[in-house]
Amino acid sequence: MSKPVNLNRFKKQKARDDKRRKGDENAARHGVSKSQKDLAQARRDKADRDLDGHEKE
């Protein structure tokens, strides 16, 4: 026979994992210098322009 599981424990652990993941994403996003942010934005803009340039009308 299997052991009963406590679903509250799993819900709390999932909430902790989600919060930790979001915190890691925020640290990665906000833990960079302004020049690195500007470079990343310029690369995203160029990729968008390149993609738009390949559209058929």
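Here the peptides 25-31, 2-8 are ranked by packing, the mean other Cβ count within 10 Å, and the order with the highest first is 25-31, 2-8.
Each helix, a run of at least 4 DSSP H residues, gives -39500 (n - 2.57); summed and divided by the residues of the chain, these come to -27000 deg cm²/dmol at 222 nm. Within the chain, the ratio Rg/Rh, alpha carbon atoms throughout and Rh by Kirkwood, equals 1.37.
By the rule of a C-alpha distance below 26 Å, with chain neighbours fewer than 8 residues away ignored, the lysines paired with residue 46 are 34, 37, 56. Projecting the Cα positions of 51, 4, 15 onto the charge dipole of the chain (unit charges on Cβ atoms of Lys, Arg, Asp and Glu, taken about the Cα centre) puts 4 furthest along the positive direction.
Relative to the Cα centre, the charge distribution of the stretch 2-57, modelled as +1 at Lys and Arg Cβ and -1 at Asp and Glu Cβ, gives a dipole magnitude of about 840 debye. Taking the longest Cα principal axis of the chain as reference, the axis of helix 7-30 is set at about 20 degrees. The angle between the Cα long axis of helix 34-53 and the longest principal axis of the Cα atoms of the chain comes to about 70 degrees, rounded to the nearest 10.
Considering only 37, 12, 22, the Gaussian network model of the chain with Cα springs below 10 Å gives its largest mean-square fluctuation to 12.
Rule-based calculations on the coordinates, nothing more; no lab input. Quick caveat, the model's predicted, so the values are computed rather than measured. Note that we place each Cβ from the backbone using ideal geometry, even for glycine, and neighbour counts take in every protein chain shown.
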